[in-house]
Amino acid sequence: MSLFFMLIVVTAAAMGVYYYWQEDARQRDATDPARSFILWALKGLAVPLLIWIFFNSGWVIDALFPKISQAKGAGKWASVFVPATIAFLFYAATWWIVVSLVWIATRVCLRTEKRIDFFASGAVWLLFATPLAFFLLLLMDLGGIGVALAICAASVVH
């Protein structure tokens, strides 16, 4: 999967999470949903990314990934570190999206008076999303688990 495509997918998915975040905030009469979303994204995306960079850049300590250490010794550090960091960001973002959508679904479920209707509609949407999630899982192997779960979680939140 190309790096540019990964960034587009993550950006589009984050915008989708933001949409549902705003809808949830509107139903809760929250004062500043944009600020709370930015804080949530910083905690869930920026902090893990900074930890990744700290442990794998080789600036402070030797990189945990041997390929990055070898590339640094050969003078090709950026050609290995940048794609590895973007790939990490893609996988971290897909799991952040899953956690965010499950969090939103939980808050919606707790506000719902007829929870059986919530579970029934979620099950119907999940029934339609499961074949797509399974196809993506076959296409991306184990690296696609986060993407497949994000599709399923998005269907339930929707």
**Study point:** Among the candidates Ala92, Ala133, residue that is surrounded by 14 or more Cβ atoms within 10 Å (Cβ to Cβ), touching a Leu at 6+ places or on another chain (Cβ under 7 Å) and assigned to a helix (DSSP H, G or I)
**Key:** Ala92
Study note, to complete from the structure: Residues of the range 1-56 being more than 26 Å from Ile68 (Cβ to Cβ), open to solvent by 70 Å² or more (accessible area, probe 1.4 Å) and either in contact with a Phe, Trp or Tyr (Cβ under 9 Å, 6 or more places away or on another chain) or in contact (Cβ under 8 Å) with a residue 12 or more places away in the chain (or both), in sequence order, are Gln22, Gln27, Arg28
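The values are calculated or read from the model by the stated rules, or taken from the named source; none is laboratory data. As the structure is a prediction and not an experimental result, all values here were calculated from the model. Heads up, the Cβs are rebuilt from the backbone with ideal geometry, glycines too, and the neighbour counts pull from every protein chain shown. Only protein heavy atoms, including side chains, enter the accessible area calculation; ligands, DNA and RNA are left aside. Shrake-Rupley method; radii C 1.70, N 1.55, O 1.52, S 1.80 Å.
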